[in-house]
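For reference, the structure is listed below as structure tokens.
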Amino acid sequence: MHVLLVVGTLAALVAAVPSKNPYASALAPPYLNLLAKAKGKLWFGTATDIPGVEQQDQEYMSILNDSKIFGQLTPANAMKFQFTEPEQNNFTYAGGQEVIDLAKQHGNRYVRCHNLVWVTEVSEWVLDRNWTAEALTEVMKNHIYNVVTHFGDSCYSWDVVNEALNDNGTWAPSVWFDTIGPEYFYKAYQFAEEAVKLTGKDIKLYYNDYNIEYPGPKATGVVGLVKELKRRKLKIDGVGLETHYEVGTAPSYEQQIEASKMYTALGVDIARTELDVRFTQLPYNSSGLALQAKEYYDAVKSCVDIRQCIGMTVWDFVDKYSWVPGTFPGKGGADIYGLGNSNYTRKPAYYAVGDALAGHPCSVCGHN
Ligand code: G3I
């Protein structure tokens, strides 16, 4: 046979064999978003700290962009005050838009927009000045109007006020509370509702907090906030239960169902918005992984079993980019990918989430 013909035939054969996806094991079933949708939920999603170094990490991006696994994105930082209004009345939307683009380009996915008013990640120009209550209320109004009308219904929802309460249910300090008093909270929802009306679109407004996934003074405090918003006839569509837990101390399934019903009884939706379960001591062992899996399982099942729980979001999916070690040195291992030294090996927790979404008993929770 002519040598060129042989080479040509070989080249054609190589081209015909599909190249193996190097990330196949990180992208294999179970498909968490497809399972969530099959249970009537809007999504299983993840937070992502884009724009950032993650964008150079091809394996991260191929998982993030797989709409079978993640049907919703939350920008972990890009839409917060300091990034969207770094100088007064000078708005920067590019970072948030990158997350929206990724969501839309890979399966027309949902975006939970996060957040408008919070104690943290407020621009220096806000913190550095002595404001009157009236002047700071105007700052808040201008921020909310601009950001909400800019992104429009690219946002499924906005976390309007984030983490307004202490664990005992009292108001938490912030530049907003300290300057304006409790009225800042209700004003924020009033401005957000007005901004939504300006868009003419359906954009949901949420309150988002942690340590409210179980009954207690903080959960009772949130019930009071929602009731007062409703009494004032202000728009409140849902409560975001962040669901940041520590291995070994997560609330039980029953506690989570009880707290969920405290909110849904008020006629609002709920969502699991920032799910992760961190180890307080590292390295973890196999019994720790099984307990972590059980705690993921219970959190997800308690959303699956409540009709008004619209979806679940992990606060990023791989330990490599988790917020936990930066905030709690020595703690970590909180995410569903990142077993041992392998960044993208799934932990038992991943399969536990899949089991809960499928309505199966947990196959990886050991005796927990
Ligand atoms: O932007 C600066 C950058 O200029 C600087 O070079 C770099 C050096 O550390 O820091 C960058 O800011 C960091 C920011 O994330 C953006 O990446 C801050 O240091 C860091 O503290 C900040 O952490 C974020 C944290 O909120 C702030 O409290 C986390 O990434 C984010 O995951 C976390 O998310 C919160 C939710 O919004 C609300 N619920 C709790 C959750 C976890 O804390």
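The values are calculated or read from the model by the stated rules, or taken from the named source; none is laboratory data. Source: prediction; values computed, not measured. Positions of Cβ are generated from backbone atoms using ideal geometry, with glycine treated the same way; all protein chains shown enter the neighbour counts. Areas reflect the complete protein model, heavy atoms only, side chains present, ligands, DNA and RNA absent. Shrake-Rupley method; radii C 1.70, N 1.55, O 1.52, S 1.80 Å.
Table for the structure above
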| item | result |
| --- | --- |
| Folded to 0 to 90 degrees: helix 3-16 orientation relative to the chain principal axis, Cα | 40 |
| 14 Å beta-carbon shell around T92, net charge (K/R +1, D/E -1) | -3 |
| Karplus-derived HN-Hα couplings along the stretch 335-351 (A = 6.51, B = -1.76, C = 1.60, θ = phi - 60°), whole Hz, x at Gly and Pro | 9, 8, 10, x, 5, x, 9, 9, 4, 10, 7, 6, 7, x, 4, 4, 6 |
| Calculated from backbone phi, Karplus (6.51, -1.76, 1.60) coupling profile of the stretch 220-231 in Hz, x at Gly/Pro | 4, x, 5, 4, x, 5, 5, 4, 5, 4, 5, 4 |
| Surface accessible to a 1.4 Å probe, S123 within the full protein complex, Å² | 0 |
| Environment charge of G107, counting only residues whose C-beta is closer than 10 Å and scoring Lys/Arg +1, Asp/Glu -1 | +2 |
| Square roots of 5 times each gyration tensor eigenvalue, C-alpha, the stretch 10-358, largest first, Å | 34, 24, 19 |
| For peptides 65-72, 222-229, 331-338, sequence by mean Cβ density within 10 Å, most packed first | 331-338, 65-72, 222-229 |
| Distance violations [Cα-Cα > 19 Å] among K187/K230; K80/K227; K141/K187; K80/K301; K141/K197; K197/K233 | K80/K227; K80/K301 |
| Sequence of L357, L127 when ordered by accessible area, the most exposed leading, probe 1.4 angstrom | L127, L357 |
| Surface share of carbon and sulfur [accessible, 1.4 angstrom probe, percent] for the chain | 54 |
| Centre separation in Å (Cα based) which lies between the stretch 82-142 and the stretch 145-200 | 11 |
| Heavy-atom surface of the chain, accessible at 1.4 Å and reported per residue (Å²) | 42 |
| Under 5 Å, built H, 5+ apart or other chain: amide partners of R278 | Y245, E246, V247 |
